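Working notes for the structure below.
Read-outs throughout are calculated quantities, based only on the coordinates presented, and are distinct from any laboratory measurement. Remember, predicted model here, so these are calculated numbers, not experimental data. So basically every Cβ, Gly included, is an ideal-geometry build from the backbone, and we count neighbours across all protein chains shown.
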Amino acid sequence: MPTSYRSAFAGLFVVAFIWGISFVISAYLLQAFSPVLLSFLRLLFTFGFLLLLYLGSSGRRAMQRPTRAEWLLLLYSSIFFTLIQQPAYFIGLEYSTAANASLIYAAAPLTTLLLEAIFLKTRIRGLKLLGAALGFAGVLIIVQSSNHAWRIGTGDLYLLLAMLGLSVSVLFTPKLARTLSPLTITTYSSFVGTLLMVPAVGGEWLLGGSVMQGGVLMWLLTAIAGLMNVAAGIWWVRGVAVVGPGTASLFHNLPPFIAIIFGFLVLGEQAGASQLAGGALILLGVFITGRVRPDAAALIAEAAPQDEQAVPALVAAIPVEAGEGSENRSSTAGH
């Protein structure tokens, strides 16, 4: 198995851990900010931190400028992830429960595997389906053991929309990763996403739904959430590029289990046998999927450099629509 494949899996585990903490912070921040405004503020802080990191890296490496085709892919990805997924998730979380959100998002791996097969023409492997099914069963066990009532409401429809937006958004990452680095993709995606959120947050304000009652602590937590998004975003993009959207989406099932472990170790909360069994099923699903033989994407990632400089011949040989590789890309240093 390529080294990049193993490192990508390790990075995705870190991303799942960050998500588990971020979900708790976001639920708390909804006490001070309205859903759309919170999405915008998190994005704004994330883009600010990414921009500093990106500009700081320009002294050592060339800054990549996306081609027209890559700008379109970034726009499509941001529409589904930022404009659809994030507001729908926070609105759904406000009118539904964390248990419902966990179950609905547990369907993301199966949904992404299906979309990946349809649009990216990948083969659906039996072990990947088994891993996704085990992950869903594990989340179901955790939710049921928490004695949360399962009710379908308006909030769940928003959560379903958010899950679909997430599943579609990751389909654009493998193609972008052929010519752009994870840092570049994450930075420009945050920029596009922040711009897309301006009309949404403006509309929320005009309709009288905007709420901003946070003190210093709330603003500090929002900034921390934005900083966490920086690390999670870069590692997530790299993970999707290497292992594929369907496999990477399995890690969406880990945050509920991570929250249980975090509560047990830090807060002293009790972890029942059924909750641990559900977590074991989730981990087993990820492990089984990780045993699937890496495809060409992982092998390409193994050969590709991880900096912002020249695109290797192996990757450049892959056709890219309307931009056709990186030969038309202009790069500048120190800007």
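At a glance:
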{"item": "Inter-probe distance in nm under a simple model that places probes 7 Å from Cα toward Cβ, at Arg291 and Leu52", "result": "4.5"}
{"item": "Under the Karplus curve 6.51 cos²θ - 1.76 cosθ + 1.60, θ = phi - 60°, whole-Hz ³J(HN,Hα) for region 98-113, x wherever Gly or Pro sits", "result": "5, 5, 4, 4, 5, 5, 5, 6, 5, 7, 4, x, 5, 5, 5, 4"}
{"item": "Highest-first arrangement of 65-71, 158-164, where packing means the average Cβ count within 10 Å", "result": "158-164, 65-71"}
{"item": "DSSP-loop trypsin sites (Lys or Arg not before Pro) across region 71-177, with at most 13 other Cβ within 10 angstrom", "result": "Lys121, Arg123, Arg151"}
{"item": "Spin-label pair Trp219/Thr3, simplified geometry with 7 Å Cα→Cβ offset, distance in nm", "result": "4.5"}
